[in-house]
Structure formats: structure tokens, C-alpha cells
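Visitor: Here it is, the structure in full.
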Amino acid sequence: LGASLRDSLRKLNSGVSVSEEQVQEVLNDISRALIEADVSVKLVQEMKNKIKVTLATAGDSSMNKKKLVQKAVQDELVSLLEPATKPYQMSRKKPNVLLFVGLQGAGKTTTIAKFAGYYARKGWKVSMVCCDSFRAGAFDQLKQNATKLRIPFYGSYTEADPVLIAEKGVAQFRKEKYEIILIDTSGRHKQESGLFEEMQEISAAVRPNSTVFVMDGTQGQAVYDQAAGFHDAVDVGSVIVTKLDGHAKGGGALSAVAATQSPIIFLGTGEHFDDFEPFKARSFVSKLLGYGDMRGHMEAIKEVRNSDGTKELEANMRKGKFTLRNFFTTMENMNKVGPLSKMMGGMGSMGGGKDIKNFKFMMDSMKDEELDGFVDLSLRTPERNKRVLRIAKGSGCHPAMVENMLHMYNAQKPMLQKMKGALDPKAQKQAEH
Ligand code: GDP
Ligand code: MG
């Protein structure tokens, strides 16, 4: 199962005091979750060390420590995402020239359209220049976007020199007093010196007010080198992360910020022009922290769903049957997937790790006829009491614990039997959504 971040933070809240080992364990869990979310190992290690220092200097009140770990993790991630460099502030009534760079497919052309639409709606005079003479169809793509958004554009089907196009386009829009001039560039699949040279030449020719690095949010560790390469070449001033819709983990964004020491300004969250939002570090961090959690959770649900025990449980429930074997399965499942207990009808607070272990021992000491519902263990007949003693002895549990387990089973049985109707395929489909 994936590391469950919130669970590990919760662990800290369950005990009265917090030991060094517990703090260490939580930090390890958090680190694992962040690495799973594509945050680079190096960044995670640095963060861990900083948090340890924070904790060491925060005094040793254990109540404080619990909150401190949570807050330290969040604050540290937020501060990683908020470098000292502030993003370029555009001013009205003068040309603000922005150069967009990034690898092919990162989302530059789409992002420029979104960016243009965003500011045009706010009343800015926006224009775009297409300097991608490398990829066939690049100019058409920008032209189509610009036309849809009713934004003036500049480009050429015949001119092969991107530097020349940039110079001419920017000169024209400067003259026409555009407030925002967005320059779209080409990217290559890999970073090559040719690409960086081209970016440097364009940058030197148009002297942009700021350079925006556009990165694909679904990319992980590779982003650091990419971002560093562009930063070395053209001095990146801000970052836009695209494709944060769907299953993107987003951790690569931290690497881009670290490599460029530049803030993220917008996020792209889809292919439409409206799928564009100003970056908010706190909410981004919450999602990042939730990622490991959610993934672990989904995996656990899948595992539980596909287990033989669950299949048998469901098959029995469809028949209005609920055996002790099924009961143990629900307990095990609840242990694996906390919130699933809600779906199962809120079975109280029992079924923690220790109970599960004891349940398992009891189950191992039971006969098939008992597990599969062929023997009635609800009425306290002498024969039934003998069975309880046998199970207690075999499992090493006190007879009272066996009674307790049977009590829970008997309490749940009518509830689960009533769920018969809820298990037809149609109702199940709905529950999945
Ligand atoms: P460029 O080569 O850097 O100019 O990248 P493009 O703007 O042409 O985008 C490459 C692909 O990514 C296109 O299919 C876009 O529709 C898609 N794309 C861009 N931004 C996003 C986004 O935020 N979410 C999703 N799902 N797709 C995106
Ligand atoms: Mg493009």
C-alpha cells in the first residue's frame, strides 16, 4: 500500500506523548508520500533536515510537537514553492514582453492562449507572436487560438528564422501600443544546445521583461535538469505548470521552482482556455500532501474489492446471508480501508489492528461449520458454550473476548442482511461514483 500521509500525521495525534521515534516515523512516511508524488529525493531530504531543526528548536512540549510536525511539513513545502524572487509585475500602458520557453509538448502554445484570454478579459491589450518555425503547423495552432480569442497575432509561413520573426512581431506590437506581447517559441523533444542557443538569440533580440518556463505537470524528476537548462540559457523569471488535471502528481513543480528560483504563477488544468488558475501555494501543498493519501486509499479499496473474502461476502449478502467468515472479512477490510466502514454501515470503533490480530487467531481456531454459518452460536446452550471455550483456548484469547466478538457479529448480522438490496449491480455502479 502507498504511504498514507494523513494517517501518519494522525498517528501523532493518537498518543498522549510523542517520542523521537514517532516523529522520525512520521517524517519517513511523509517523505515516502512526497517522493511518490514526484518530489525529488534531494528536496525531500533537505526538507526533512529543516523540519528536524525546527522541531529541535521548538522546545519539548509533546502537545506542541504533534501540531508542530504537521505545520512544519506544510510550511516547509509552501516556502519551497515561494522563493525570494517575486514574479514580474506587469504595468499598464506600456509594453510587457513575455517570452515563453519549454520543451515541445509542455503546453506553451496552449498556455499562451490561456494567458492571453485571462488578461484580455481583464481589459488588457494583448497580442501574440509565433516564433515556432520548427514544428509544422505551429503557426496555424497559434493562429486558430488567437482567432477564437479575438487576439491579434504575428507569425509567418515562409520565414524560417525565429529570431527575425520575433524582432518583427514585437516591434510591430510595441508600435501599436500593445500592453502584453506574448512570444511563443519552439521546443524540441530533448534539451539540445541548439534549442538553448535559439532561445538565447530570441531573448537577446527582443529583450523580454520576463521569461516564463512552461512545464508539463505530469513529469517528475526530469523537470529539474530541464528547468535548470532553460534558466541557465535565458534567465527564467516564473513558471507555469500545465496538465494538472487528471492524474498528475504535481511534485515536479517543486523541482522547477528549486532549479529556477522562480515562483509558479499559473496552473493549467485542462485543454480549454478556461482551464487556467492563478497559483496558490497553500492549496497546491494540500493537494500534494493528499496525493499519497488518496493513492494509498484507492489502492486499498481496489485490493479489498478484488479479494476472495470480499467476493464471498458479497455473494452471501446477495443471498441475505452473513457468516462469521464474512464478519472477519468486513473487519479485515475496515482495517485496510478506514472510510469503507461508512459504506458498510458504520460499525463502530472496533476492529483496530490489535482486534484484527485476535480475530484472526479466533478464526483459525474455529471449524468450517462454525465459520460458514452451519452452527448457531447466538443462543447460550451448553454445547455452544463448550465451543466458545474451545475457541478461546485455541486462540489464546480470554473467553470474554470470544463472547465479545460473537456479540459484535450478532449485532451486525441483521444490518448486513438488510443490505441485500443494496448489492444489485446497478446500486453498486452508483456507489462507485
Ligand atoms: P507546446 O509544444 O509546448 O506548444 O505544447 P502545446 O500547447 O501544443 O500542448 C501540447 C498538448 O498538451 C496539446 O495537446 C494540448 O492540448 C495539451 N495541453 C496543454 N496544456 C494542457 C493542460 O493544462 N491540460 C491538459 N490535459 N492538456 C494540456
Ligand atoms: Mg507550441
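The values are calculated or read from the model by the stated rules, or taken from the named source; none is laboratory data. For clarity, every value in this text was computed on a predicted model and none was experimentally measured. As a convention, Cβ positions derive from the backbone with ideal geometry for all residues, glycine included, and neighbour counts pool all protein chains shown.
Visitor: Take S4 and decide whether it is at pLDDT below 80, hydroxyl-bearing (S, T, Y) and within 17 Å of the chain's Cα centre (by Cα).
Guide: yes
Visitor: Do the conditions hold for K354, that is, is it in the same structural domain as L324 (by TED's automatic domain parsing), among the basic types (K, R) and at pLDDT 90 or above?
Guide: So K354 does not fit the description; no.
Visitor: Then there's this: Test L182 against the criterion of being crowded, with 16+ Cβ neighbours inside 10 Å, more than 15 Å from ligand 2 (Cβ to nearest atom) and in contact (Cβ under 8 Å) with a residue 40 or more places away in the chain, and give yes or no.
Guide: Considered against the rule, which asks whether it is crowded, with 16+ Cβ neighbours inside 10 Å, more than 15 Å from ligand 2 (Cβ to nearest atom) and in contact (Cβ under 8 Å) with a residue 40 or more places away in the chain, L182 comes out as no.
Visitor: Just to be sure, is K48 under 23 Å from the mean Cα position of the chain (by Cα), at pLDDT 80 or above and basic (K, R)?
Guide: yes
Visitor: Right, next: Please work out if F153 is of a type in the set (F, W, Y), assigned by TED's automatic domain parsing to the domain that holds E198, in contact with a Lys or Arg (Cβ under 7 Å, 6 or more places away or on another chain) and within 11 Å of ligand 2 (Cβ to nearest atom).
Guide: Criteria not met by F153.
Visitor: Can you pull out every residue in the range 136-186 that is part of a loop (DSSP other than H, G, I, E, B), within 39 Å of the chain's Cα centre (by Cα) and over 22 Å from Y118 (Cβ atoms)?
Guide: Result: A136, G137, S186.
Visitor: Same structure, new question: Against the definition (assigned by TED's automatic domain parsing to the domain that holds V212 and within 11 Å of ligand 2 (Cβ to nearest atom)), how does R135 come out, yes or no?
Guide: Yes; evaluated as a whole, the condition is true for this residue.
Visitor: Moving to a separate point now. Give the range 318-348 a look and list any residue that's among the hydrophobic types (A, V, I, L, M, F, W, C) and at pLDDT 85 or above, or say none.
Guide: Listed by number, the residues that qualify are F322, L324, F327, F328.
Visitor: Among the numbered conditions (1) among the hydroxyl-bearing types (S, T, Y); (2) surrounded by fewer than 20 Cβ atoms within 10 Å (Cβ to Cβ); (3) closer than 13 Å to F100 by Cα, tell me where S203 comes up short.
Guide: Condition (2) is where S203 drops out.
Visitor: While we're here: Can you find even one residue in the range 132-142 that is among the charged types (D, E, K, R), out of contact with any Phe, Trp or Tyr (no Cβ under 9 Å at 6 or more places or on another chain) and in contact (Cβ under 8 Å) with a residue 40 or more places away in the chain?
Guide: yes
Visitor: Residue under question is T242, and the condition is that it be touching a Lys or Arg at 6+ places or on another chain (Cβ under 8 Å), closer than 30 Å to L43 by Cβ and within 14 Å of ligand 2 (Cβ to nearest atom); does it hold?
Guide: Criteria not met by T242.
Visitor: Follow-up question, since we're still on this one. Going residue by residue through the range 372-380, is there one that turns out to be in a helix (DSSP H, G or I) and not small (G, A, S)?
Guide: No, there is no match, as no residue in the range 372-380 is in a helix (DSSP H, G or I) and not small (G, A, S).
Visitor: Under the condition of being more than 10 Å from ligand 2 (Cβ to nearest atom) and of a type in the set (V, I, T), which residue from the range 94-124 is nearest to G137 (Cα to Cα)?
Guide: Among them, the one singled out is V101.
Visitor: Please go through the range 102-132 and pick out each residue that is near ligand 1 (Cβ under 8 Å from one of its atoms) and either not assigned by TED's automatic domain parsing to the domain that holds K148 or not in a helix (DSSP H, G or I) (or both).
Guide: G102, L103, Q104, G105, A106, G107, D132, listed by residue number.
Visitor: Looking at this structure, is F284 among the hydrophobic types (A, V, I, L, M, F, W, C), more than 30 Å from E192 (Cβ to Cβ), in contact with a strand residue (DSSP E or B) (Cβ under 8 Å, 6 or more places away or on another chain) and in contact (Cβ under 8 Å) with a residue 60 or more places away in the chain?
Guide: Yes, satisfied.
Results for (1) more than 16 Å from ligand 2 (Cβ to nearest atom); (2) modelled with pLDDT under 95; (3) under 24 Å from K42 (Cα atoms); (4) not assigned by TED's automatic domain parsing to the domain that holds K114, shown as yes or no for each residue.
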position: S193; (1), (2), (3), (4): yes, yes, no, no
position: F213; (1), (2), (3), (4): no, no, yes, no
position: T218; (1), (2), (3), (4): yes, yes, yes, no
position: Y224; (1), (2), (3), (4): yes, yes, yes, no
position: V234; (1), (2), (3), (4): yes, no, no, no
